[in-house]
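Right, one structure below, let's go through it.
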Amino acid sequence: MVDPTKGINSENTSCHHRNTFSCLPKESGNTSFWGMSVKKICCIGAGYVGGPTCSVIAYKCPELQVTVVDVNPQRIAQWNSDELPIFEPSLDEVVKSCRGRNLFFSTDVDQAILEAELIFISVNTPTKNYGLGKGRAADLKFVESCARRIAEIAKSSKIVVEKSTVPVKAAESITNILKANVKPGIKYQVLSNPEFLAEGTAIGDLLNPDRVLIGGEQTSEGQEAVSALGWVYQHWVPREKIITMNTWSSELSKLAANAFLAQRISSINAMSAICEVTGADVSEVAHAIGTDSRIGNKFLKASIGFGGSCFQKDVLNLVYLCECLNLPEVAAYWQKVVDINDYQRRRFSNQIIQRLFNTVTSKTIAILGFAFKKDTGDTRESSAIYICQHLLEEGAHINIYDPKVKKEQILKDLSSRPEIFDSPDRLNELVTICPDAYTAAADSHALVICTEWDEFANLDYKKIYSHMLKPAFVFDGRLILDHNSLLDLGFHVEVIGKRLTRDISRVVRTPAAGST
Ligand code: UDX
Ligand code: ADP
């Protein structure tokens, strides 16, 4: 369990941050708004954001009743079962400790809206795949339908909190929908409260956030609402970490944070391409630049490209925003972050094909890891999907093993480009989902690390080598393996951002080069 008690009611009054909201309560008592106080919270959307976030709120605020609702009955049934719908370290323990006490999962969206004073909207906002802004703009249809539902159902005033990542000014649209449908005597305040949790570390991120961001209207009613939401977080987040600002800044900050993080990965991946050509080592370059305190050492790991539901979607969203604002140069700048990511994926799969003597047709390639990063079962925008599809296009057979991703999910992801397969059975002919890494590697020509799961670093590679076809290749797309040991075993090893044949440490270690 990640640090379950640290931080409860950690009140810090020595706040000097300019933007720490002065109206946040200094006392630990509940704050009232419009003569009410927050007792019941509803969260619409029981996904990767809503589920963990509200579980932690329930865990840290035992006096509040938190109900997470979703239109998907299967998802809700899973939240109420022993097998939660998402894999996230420590989430099980948090949910089990408060489910049925003050944390509830339900499909009764209307009842939860009726009862709550504060409503989080945590529904999905995927990239639009139709119409205006296709391929770039965020699709707000789910957010809008929540706003309309709230307006239709509510019989008392509500604070509506936009938790999903949305384009700048989405709060304004939600406000307009609510106000256009408002019933007499009811008031609404819409807040922006973007979530910064990363999958795989969500519980730790929620328990000890770098900051909590709350954007609200710069009116006294807006500030009352900010204060009420701030009070919820103050149960465990130090006051100086709760940053408040106007709604638009808050919305843009979320897009900016993800764009900056994605940009760092594209920057180091661009460096990795230079390293492979010149003989420099991208890990050494990352270490060297990361020791500069202005740059910092996090998020500098070269890889097969970033995946996940946020980075690409949010950068494209930013690009679309810039285009709409008639800022084409700024749009082009951010677009390059996504372009480099696509390039990195393609570069890696091309390298596999080239090293395997320029053809993978009918060859068997073992793919280790399908999730977009370790410690999650999420495959949204996973680079593994793109790499596998490219190899399948070239006629390869692929054996896939991932410790947390289910077979149905992998097959669904790979079939997203049906044109690759000339018949419906072709996918099943070419793809085998394996129960472990050894089965995947057996009789394969190459082993490809796509996700940095810890277990892949500790496999018995001697055994794997003995069961592979020769020459046996390893492609480490995550820089997690001991490359020199693999070379010693006889593998041909290819690594992102490093040319191993020129590895000076290996030359020194080789008896022929080092003796006499
Ligand atoms: C991200 C943000 O980190 C989080 O703040 C936001 O709320 C949601 O989006 P997430 O997508 O869950 O979180 O995971 P993250 O750890 O950011 O990784 C994203 C992708 O970048 C993964 O595919 C990961 O493997 C890759 N990555 C990350 C790298 O390739 N190199 C790095 O150095 C770091
Ligand atoms: P995220 O990663 O942003 O949490 P997910 O796709 O994991 O996104 O979860 C979003 C959830 O929101 C889904 O379970 C979906 O069923 C739910 N959802 C979408 N629209 C609505 C709605 N109008 N009412 C209730 N739940 C909704």
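Any read-out appearing in this document is the output of simple, stated calculations on the displayed coordinates, not a laboratory observation. Worth saying up front: this structure is predicted, and the values here are computed from it rather than measured. Neighbour counts are summed over all protein chains in view; Cβ atoms, including those assigned to glycine, are modelled from backbone coordinates with ideal geometry.
Brief remarks on what is shown
- Isotropically averaged projected area of region 21-176, using the convex hull of Cα atoms (one quarter of hull area), nm²: 10.8
- For the pair Arg101 and Asp422, the difference between a 0.36 nm per residue extended length and the Cα-Cα distance amounts to 110.3 nm.
- Whole-Å distance, taken between Cα centres, linking region 117-188 and region 364-406: 35
- The C-alpha radius of gyration of region 221-281, expressed as a fraction of 2.2 N^0.38 Å, stands at 1.86.
- More than 29 angstrom apart: percent of Cα pairs within the chain: 56
- Radius of gyration (Cα atoms) of region 267-401, expressed as a multiple of 2.2 N^0.38 Å: 1.19.
- Placing dummy labels 7 Å off each Cα toward the beta-carbon, the span from His287 to Leu469 is 3.7 nm.
- Per-residue ellipticity at 222 nm from helix content only, as computed over the chain with -39500 (n - 2.57) for each DSSP H run of at least four residues, stands at -12500 deg cm²/dmol.
- Spread of Cα-to-Cα distances over 10 Å intervals beginning at zero, given as percent, for region 427-500: 19, 56, 23, 2
- Restricting the trypsin sites (Lys or Arg not before Pro) of region 342-424 to loop positions (DSSP other than H, G, I, E, B) with no more than 13 neighbouring Cβ atoms within 10 Å leaves Lys406.
- Counting only alpha carbon atoms, the long axis of helix 170-180 and the longest principal axis of the chain meet at about 30°.
- Distance between the 7 Å Cα→Cβ label points at Cys324 and Thr432: 4.9 nm.
- Relative to the longest principal axis of the Cα atoms of the chain, helix 141-153 runs at roughly 20 degrees.
- Reduced Cα scattering model of region 330-476, Debye log10 I(q)/I(0), q = 0.11, 0.14, 0.19, 0.21 Å⁻¹: -0.40, -0.64, -1.17, -1.40
- Relative packing of 179-185, 463-469, which averages over residues the other C-beta atoms within 10 Å, highest first: 463-469, 179-185
- The trypsin sites (Lys or Arg not before Pro) found in region 85-137 that occupy coil by DSSP, while having at most 15 further C-beta atoms within 10 Å, are Arg101, Lys134.
- Rg and Dmax of region 45-112, based on Cα coordinates, read 10.7, 31 Å.
- Counting only GluC sites (Glu not before Pro) that DSSP places in a loop and that have at most 12 other Cβ atoms within 10 Å, the longest clean stretch of the chain runs over 84-516.
- Axis of helix 247-278 versus longest Cα principal axis of the chain: the two differ by about 10°, to the nearest ten degrees.
- Taking 0.36 nm per residue of separation and subtracting the current Cα-Cα distance, fully stretching the chain between Lys298 and Ser362 would add 19.1 nm.
- Over region 149-270, the pair-distance histogram of Cα-Cα distances with 10 Å bins from zero comes to 13, 38, 32, 13, 3, 0 percent, rounded to whole numbers.
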